[in-house]
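The values are calculated or read from the model by the stated rules, or taken from the named source; none is laboratory data. Note that this is a predicted model, so its numbers are computed, not measured. Heads up, the Cβs are rebuilt from the backbone with ideal geometry, glycines too, and the neighbour counts pull from every protein chain shown.
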Amino acid sequence: MVMLMNYGRIVNKQGQTEEQFLASYDANAYEKPSVAVDMLIFTVTNEENKNYRKLPEKVLKLLMIKRGEHPYMGQWALPGGFVKMNESIEEAAQRELKEETNIDNVYMEQLYTWGDVERDPRTRVISVSYMALVDSSGLDISGSSDAADAKWFTVSCKSYQEKKTINENGYALEKLFKLNLYNEVEKLSAIVKVVKTLEGKVMRIQREVVESNGVAFDHAKIIVYGIERLRNKIEYTDIAFNLMPELFTLTELQQVYEIILDTELLKANFRRKIANMVIETNKFKKDVGHRPSKLFKFNPNWANGSKAEE
């Protein structure tokens, strides 16, 4: 019997109370992996367009920092760093984001925990990743701390090869993703392999960086996973509105959906889908070379099926 009663107190098999156990506990009895945080900060911006009669194209961008220290010095990584003993993981994420990019006070949701044994050449590092969608127009980005620089990179992530193997217990589905990250001066790329294996009722997913050019650590597969999650969430949540200004046209909103989903959407179907998520205003956007377009705003009560008051 593990627990015994001693004068009305619970003791373990060594006869210790909880207070006695904690007082004698050796915190060095187990190896301690380091814990880190990595952040995927996405935005959508207008690409420069010289034809004033044509609506500007939108692109999906990801914030990256250039490493100023070894390992992977000079390569680009997600903003992040180590969790301190006196802070929560969420506090560490907000602190590191501020220190490395000068971004403060943005909502981030936890994405996934990465724990491959050799993912960091320094030591055993377990990293908790976070994701945020932001309107970058009001942000002042700058590198600091151990980051040599911080830049937005246009993101392209496409599946270009797929192979499915069926066996008597299930199947294995292998996909290769080509990741491209680029801006006016830098071009990064990676190939990430994702293998989904079904055995009976058990699904396992393995991700591996097959090739990486300029992307530090295993961050290429974190980025690919984040884009997969983003594409799934945009279908059933209002996450896309984090990328929008307070007032926007329905065409601008549709462009954001299309760039994230990487597909063209039928105008009528899209507007039916988001009808309860927006509120029509009495304001118009006047662009040179175009007819004035009605402006809308986000309806915070859309999930209840209601239209909010102006």
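Taking the criterion of being acidic (Asp, Glu), part of a helix (DSSP H, G or I) and within 26 Å of Val106 (Cβ to Cβ), would at least one residue in region 234-253 satisfy it?
Start the filter on region 234-253 by keeping residues that are acidic (Asp, Glu), which leaves 235, 238, 246, 252.
Add one more test, that the residue is part of a helix (DSSP H, G or I), and what stays is 235, 252.
This time we only want the ones that are within 26 Å of Val106 (Cβ to Cβ), so: 235, 252.
Yes, some residue in region 234-253 is acidic (Asp, Glu), part of a helix (DSSP H, G or I) and within 26 Å of Val106 (Cβ to Cβ).
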Of all residues in region 1-12, which are at pLDDT below 90, assigned to a loop (DSSP other than H, G, I, E, B) and not hydrophobic (A, V, I, L, M, F, W, C)?
Tyr7, Gly8
The condition of being of a type in the set (Asp, Glu), surrounded by 14 or more Cβ atoms within 10 Å (Cβ to Cβ) and outside any strand (DSSP E or B) holds, among Glu100, Glu69, Glu31, Glu19, only for Glu100
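Which one of these is modelled with pLDDT under 95 and either in the same structural domain as Gly81 (by TED's automatic domain parsing) or not hydroxyl-bearing (Ser, Thr, Tyr) (or both): Lys187, Lys201, Lys175? Quick ask: steps written out before the conclusion?
Working: Lys187 fails: modelled with pLDDT under 95; Lys175 fails: modelled with pLDDT under 95.
Being modelled with pLDDT under 95 and either in the same structural domain as Gly81 (by TED's automatic domain parsing) or not hydroxyl-bearing (Ser, Thr, Tyr) (or both) holds for just one of Lys187, Lys201, Lys175, which is Lys201.
Picking from Arg271, Arg231, which residue would you name as being assigned to a helix (DSSP H, G or I), over 29 Å from Tyr160 (Cβ atoms) and either out of contact with any Ser or Thr (no Cβ under 6 Å at 6 or more places or on another chain) or in contact (Cβ under 8 Å) with a residue 12 or more places away in the chain (or both)? Lay out the reasoning, then the answer.
Numbers: Arg231 fails: over 29 Å from Tyr160 (Cβ atoms).
One residue alone meets the criteria, Arg271.
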Would you please name the residue that is nearest to Tyr182 (Cα to Cα), looking only at residues in region 49-98 that are at pLDDT below 90 and basic (Lys, Arg)?
Lys58
Return yes when Ile279 is under 25 Å from Ala132 (Cα atoms), part of a strand (DSSP E or B) and modelled with pLDDT of 90 or more and no when it is not.
yes
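Which of the residues spanning region 231-267 are polar (S, T, N, Q), closer than 15 Å to Phe296 by Cα and under 22 Å from the mean Cα position of the chain (by Cα)? Outline the logic, then answer.
As a first pass, look at region 231-267 and keep what is polar (S, T, N, Q): 232, 237, 242, 249, 251, 254-255, 263.
After this cut, where a residue has to be closer than 15 Å to Phe296 by Cα as well, the list is 242, 249, 251, 254-255.
Selection gives Asn242, Gln254, Gln255.
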Sort out which residues of region 228-272 are over 22 Å from Ser137 (Cβ atoms), among the acidic types (Asp, Glu) and either in contact with a helix residue (DSSP H, G or I) (Cβ under 9 Å, 6 or more places away or on another chain) or crowded, with 18+ Cβ neighbours inside 10 Å (or both), and write them in order of number.
Glu235, Asp262, Glu264
